[in-house]
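Reviewing the structure listed below.
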Amino acid sequence: MAETETVEKEPNAPSEGIDGLSGDRLRELMRAMLLFRRFEEKAEEAYAIGKIGGFCHLHIGQEAGAAGSIMSLRRDDYAISAYREHTQAIAKGVDPKAVMAELYGKATGSSGGLGGSMHIFDAEVGFMGGHGIVGAQSALATGMGWAIKYRELDQVCVCFMGDAAVNQGAFHESMNMAAIWQLPVVFVVENNAYGMGTAFSRVSRNPMVEKSASHGVPAHTVNGQDIIETYRFFSDLYAEVREGAGPQFVDMQCYRFKGHSMSDPVSGTYRSKDEVEAKVEKEDPIKILRDRMFEAGLLDQEGLEAMDAEMREIANEAADFADNSDEPSQAAMYDFVYSELGPHGRYFFDGRGDAPTGGRS
Ligand SMILES: Cc1ncc(C[n+]2csc(CCOP(=O)(O)OP(=O)(O)O)c2C)c(N)n1
Ligand SMILES: [Mg+2]
């Protein structure tokens, strides 16, 4: 092409997108990550003033993993997770108001206020919990994968766990069965390098990516701080699984910016303040996407601030909703309790009718 014909691209001119993702999709992903960040900050604030009690594990720093791996799913797919799941539930389609109300223990919460932070559920949108027992959800995921295959459907079940879960028996038993039956389950380790205060390198001789090898399950590594990479990677992987590729194992490398839970300090003795500061500075998933979108002319500072304000408002509204909701009734406590007549023939309550007046076994 002659020099005069060269079309100069204006700096910051709106481009089609980045790495095959459209500008609209990228803005949607940015909105999601901003919502997750503001939502978790609001939860942190509410916890500090005693509006939320019990356990509360924040996902701040790990937003790209939640958005990229879940927003690439279909609504009829399943996602199941551990206890660091507030933002994953929102990504799958649970109303932020119902998530916040669950954290507050209110009747309007996604589990009627009976589960709290670690037990967000909404089967309507395929979010199958919120599980507090490390690794236990992997067995349920295999069961869901089996159900999908039995019904001859092309859904996918994605199962999240932390790096501490891969040394649990349940994880290996579940993965083995998923492999034998070639089930459509994607086991994703949110590898933030620590299980509470224990570095993964201290509890495993092998690197994470080798954990599925003995089961014949293909392993992949993805940068969970980079949403463009994460979203593209999972979109392709789910397409293969729908086509019958069988179970997959993903080492999604990420980093949590806060303590293990609201009761822990950000750094503590197991990781240094410098390490955390360097990660926050260089690997904040929101900043990584922001820089790429600014560079491609898909977003500017003003647009970002407007988006952020809108997401902050959604988080605030969720907190107001939770604040103004009622506590569950006392009788509701027994609605989901299954019990047989006790060994001493004492009265039991099955959730139907009035609450018992007699003793309980
Ligand atoms: C079977 C079992 N053992 C121990 C615990 C206590 N526990 C709660 S969280 C946790 C660490 C889990 O770390 P990881 O899986 O890496 O997830 P992360 O918190 O980093 O997201 C442990 C040991 C538990 N909940 N379940
Ligand atoms: Mg961990």
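Taken together, the values in this text are just the output of simple stated rules run on the coordinates, not laboratory data. Keep in mind the model is a prediction, meaning the values are calculated, not measured. Ideal geometry is used to build each Cβ from the backbone, glycine not excepted, and the neighbour counts take in all protein chains shown.
Sorted largest first, the spans of the alpha carbon positions of the stretch 269-341 along the three principal axes are 65, 37, 20 Å.
When all alpha-carbon pairs of the stretch 183-304 are counted, what percent fall beyond 24 Å?
Values: 3134 of 7381 pairs.
Percent of Cα pairs beyond 24 Å in the stretch 183-304: 42.
Of all DSSP-defined beta bridges confined to the chain, some 20% are antiparallel rather than parallel.
Between Arg25 and His220, what length in nm is gained on full extension when 0.36 nm per residue of separation is reduced by their alpha carbon distance? Intermediate values should be presented prior to the final figure.
Details: separation 195, 0.36 × 195 = 70.20 nm, distance 2.40 nm.
Between Arg25 and His220, full extension yields an extra 67.8 nm.
For the chain, the relative contact order comes to 22 percent (Cα pairs under 8 Å, sequence separation of at least 6). Binning the alpha carbon pair distances of the stretch 235-298 at 10 angstrom intervals from zero yields the distribution 16, 28, 27, 24, 4, expressed in whole percent. Annotation: lysines with alpha-carbon distance below 22 angstrom to Lys287 (same-chain offsets under eight excluded): Lys42, Lys258, Lys273, Lys279.
With the convex hull built on the Cα atoms of the chain, state its orientation-averaged projected area in nm². Mind showing how you got there, number by number?
Numbers: hull surface 94.2 nm².
The Cα convex hull of the chain, projected and averaged over all directions, gives 23.6 nm².
Extending 7 Å from Cα along the Cβ direction at Asp326 and again at Arg202 yields two label points whose distance is 4.8 nm. Calculated on the alpha-carbon coordinates, the convex hull of the stretch 1-155 measures out at 154 cubic angstrom per residue.
Write out the trypsin sites (Lys or Arg not before Pro) in the stretch 43-107 meeting two conditions: DSSP loop, and at most 14 other Cβ atoms within 10 Å of their Cβ. Walk me through the intermediate numbers first.
Details: sites: Lys51, Arg74, Arg75, Arg84, Lys92, Lys97, Lys106; in loops: Lys51, Arg74, Arg75, Arg84, Lys106.
Passing sites in the stretch 43-107 are Arg74, Arg75.
Each of Phe257, Phe249 was scored by other Cβ atoms within 10 Å of its Cβ. Arranged with the fewest first, they read Phe257, Phe249. When Thr108, Thr221 are sorted by how many other C-beta atoms sit within 10 angstrom of their C-beta, beginning with the fewest, the order is Thr221, Thr108.
Taken about its Cα centre, the chain carries a charge dipole of roughly 1500 debye when the Cβ of each Lys and Arg holds +1 and the Cβ of each Asp and Glu holds -1.
Split the chain at each of the GluC sites (Glu not before Pro) in a DSSP loop with at most 12 other beta carbon atoms within 10 Å, and the longest piece is 17-151.
For the stretch 14-66, the calculated P(r), taken from all Cα-Cα distances in 5 Å bins from zero up to the bin holding the longest distance, is 4, 19, 20, 17, 13, 10, 7, 5, 4, 1 percent.
When only alpha carbons of the stretch 173-244 are considered, Rg and Dmax amount to 13.7, 40 Å.
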